Amino acid sequence: MSKGTVLIVGAGHAGFQVAASLRQHGYAERICLINDEAHLPYQRPPLSKAYLKGEGRPDSLMFRPDKFYRDQNIELISDRAAFIDRSAQRLLLASGSFLDYAHLVLATGARNRLLDLPNANLGDVRYLRILDESEALRQRIHTARHVVVIGAGFIGLEFAATARAKGLEVDVVELATRVMARAVTAEISDYFEERHRAAGIRIHLGVQATSIENDGDKVAGVSLSDGRHIPADLVVVGVGVLPNVELAAEAGLPVASGIIVNEQLLTSDPNISAIGDCALFASPRFGGSLRLESVQNATDHGRCVAARLTGDAKAYDGLPWFWSDQGDDKLQIAGLTTGYDQVVVRGDLKARTFSAFCYKAGQLVGIESVNRAADHVFGRKLFGMNRSVAPKQVADPSFDLKSALA
Ligand code: FAD
C-alpha cells in the first residue's frame, strides 16, 4: 500500500473514480481532487443527451453531493494545476499555492479541438464538452432557428438529433464520406445517416466548412468547400478533442497522442500515473498503445490505479464499451471495432434492431448494436471470458448466442 498524499489533477470521470475507489479500498491518507471547473464533479454523457433536451437540473449530473466529499475526507480543491516539480514531488497551483504529493494522478481529460476558420470566434459558434456549454446550448436551442453542425461524430449527431426534435432546421457538414466514420462500421453509419435524414436533418458528406459567414457579430451561415452557403444563426462544432498533455510534457514526462503510460498506467516517473482521456496506455489485451475516450475507460482506469495504490498492482485489462443515444436510437459498442476485416450483421434493420459483429482474422473483436441491448450484454460477457463466436453462427438467426457463453 502506498503512503502519503495522493493528488489527483482533474475531477472528471477518471479523477473522481480514483478518489472514490481509494477510500473504498481503505486508503486512509490525504486525498486531494483538483477541480478547475466551477461545479461539483459531474457526468459528461448527459450533456449531449437528456440534459441538453431539458431534462434535469445541474444537480442531477453530479456524481455525488458535496456531503460525500466531506464524509469521505476527499479534499475538493477549486484550482488549476499549473506545474509539477517532480524532484520535490510538489504541485504548483494557478492560485500560487502548492501541494506536496507521494503520488500524483493526472486525469486531465481532453478539450475541444477548435475550429480554425474565419469568424470562428463569433459568440454563436459553440462547442459541447463542459456543463456550461451544454447549459448555454440548452437555452439557445429554444431561440435559434437554423443550426449548422460541423462534424458528424457522436456528439455532433446527438446534438443534431435533439435540435431537430426541438424544431430547428439542421444541417450537418462532414469531411468524411460517411457519418461517425472513425468510430463505427459502414453498416452503422448508413443506418444512422438514413435515420437522421428521415428526421429531416440535411447531411452533407465529403465537404468541408471553409468559413463562418457573419452579420455584424452574429452568425449568418457557413460556407462550404464545394461553393455552397448554408444560412444559419447557430453553429455547433464537434470536430474531436485534444488530450490535455501539457502539464505532463512541461514536467518532462513522455507524451505522444496522450500521456504515455505503461500497462499499469504509470508514467516514466514511478510517482505519477495518468488515466482516462489523456492517457496513451500500453494494452496487453489489444497489443500496442491505445487512447480511448469513454466513461468505461476513464472509470476502469481510475479503479485500476486505486487498486495499485492500495497494494493490488495489476496490468490494466478493462474491456472497452461505449454508447450513444441519437433520436430514438441507442447505439452500444462492446469491444474495439477497429482493424476488422469482416462484418456480419445479425437482426433486422427494417425493424431497427440489429448488430454488426466485427471480425479480425476470424476472431470477434467488437459488436455494434442498435436498439439490441441483449447482443451488447452478450458481447461484454463473451469478451470478458476471452471467447469468440464463429461468423457462421452469428449469421444464423436460429443460433442462440447464449450457447456460446455456456
Ligand atoms: P474529463 O471528463 O475531460 O475530465 C478532466 C477534467 O480535468 C476536466 O474537468 C478538466 O477541466 C480538468 N483539468 C484539465 N487540466 C486541469 C488542470 N491543469 N488542473 C485542474 N483540472 C484540470 N463517453 C461514453 O462512454 N458514452 C457517452 O455517451 C459519452 N457521451 C459524451 C458526451 C459528451 C458531450 C462528452 C463531452 C463526452 C462524452 N463521452 C461519452 C466521453 C466521456 O465523457 C469521456 O471519455 C470522459 O469524460 C473522460 O473522463 P476523464 O476524467 O478522463 O476526462
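The values are calculated or read from the model by the stated rules, or taken from the named source; none is laboratory data. These figures come from a predicted structure and were not determined experimentally. Don't worry about glycine lacking a Cβ; one is built from the backbone with ideal geometry, like all the others, and counts go over all protein chains shown. Side chains included, ligands, DNA and RNA excluded: accessible areas come from the protein's heavy atoms. Shrake-Rupley method; radii C 1.70, N 1.55, O 1.52, S 1.80 Å.
For this structure, a couple of remarks:
- Scanning region 351-369 for residues that are of a type in the set (Lys, Arg) and either surrounded by 15 or more Cβ atoms within 10 Å (Cβ to Cβ) or modelled with pLDDT under 95 (or both) turns up just one, LYS360.
- When residues in region 196-241 are screened for being under 30 Å from ILE8 (Cβ atoms) and open to solvent by 60 Å² or more (accessible area, probe 1.4 Å), 0 of them pass.
- Residues of region 1-39 classified as of a type in the set (Asp, Glu) and open to solvent by 50 Å² or more (accessible area, probe 1.4 Å), total: 2
- Residues in region 302-339 that are within 21 Å of LYS53 (Cα to Cα) and either open to solvent by less than 20 Å² (accessible area, probe 1.4 Å) or in a loop (DSSP other than H, G, I, E, B) (or both): SER324, GLN326, GLY327, ASP328, ASP329, LEU331.
- Applying a threshold of 9 Å to beta carbon distances and a minimum spacing of six or more residues, or different chains, the list of pairs starting in region 158-179 at a residue that is small (Gly, Ala, Ser) and ending at one that is open to solvent by 60 Å² or more (accessible area, probe 1.4 Å) and not in a loop (DSSP other than H, G, I, E, B) reads ALA161/ARG195; ALA163/GLU169; ALA165/LYS53.
- Unique match (being in contact (Cβ under 8 Å) with a residue 12 or more places away in the chain, among the basic types (Lys, Arg) and within 13 Å of the ligand (Cβ to nearest atom)) among ARG113, ARG64: ARG113
- Region 162-177 - residue that is more than 12 Å from VAL236 (Cα to Cα) and either under 21 Å from the mean Cα position of the chain (by Cα) or hydroxyl-bearing (Ser, Thr, Tyr) (or both) and, of those, nearest to the ligand (Cβ to nearest atom): THR162
- Any hit, region 255-266, residues being among the charged types (D, E, K, R), over 30 Å from ALA161 (Cα atoms) and surrounded by 15 or more Cβ atoms within 10 Å (Cβ to Cβ): yes
- Where a residue in region 384-400 is within 16 Å of ASP341 (Cα to Cα) and its partner, wherever it lies, is open to solvent by 60 Å² or more (accessible area, probe 1.4 Å), with Cβ under 8 Å and at least six apart: SER388/GLN363; PRO391/GLN342
- If you check ALA38, ALA82, ALA19 for being assigned to a strand (DSSP E or B), within 13 Å of the ligand (Cβ to nearest atom), more than 30 Å from GLY327 (Cβ to Cβ) and not hydroxyl-bearing (Ser, Thr, Tyr), only one passes: ALA82.
- The set of residues in region 41-58 that are away from the ligand (no atom under 13 Å from the Cβ), assigned to a loop (DSSP other than H, G, I, E, B) and out of contact with any Pro (no Cβ under 9 Å at 6 or more places or on another chain) comprises GLY54, ARG57.
- Of everything in region 40-63 that is open to solvent by less than 70 Å² (accessible area, probe 1.4 Å) and of a type in the set (D, E, K, R), the residue that is farthest from the chain's Cα centre (by Cα) is LYS49.
- Counting the residues of region 283-301 that are under 13 Å from ASN262 (Cα atoms) and either crowded, with 20+ Cβ neighbours inside 10 Å or at pLDDT 95 or above (or both) gives 4.
- Residue list for region 152-161, filter: open to solvent by 10 Å² or more (accessible area, probe 1.4 Å) and either assigned to a strand (DSSP E or B) or more than 12 Å from the ligand (Cβ to nearest atom) (or both): ALA161
- Residue in region 129-149 that is surrounded by the fewest Cβ atoms within 10 Å (Cβ to Cβ), counting only those that are β-branched (Val, Ile, Thr) and within 15 Å of the ligand (Cβ to nearest atom): ILE130
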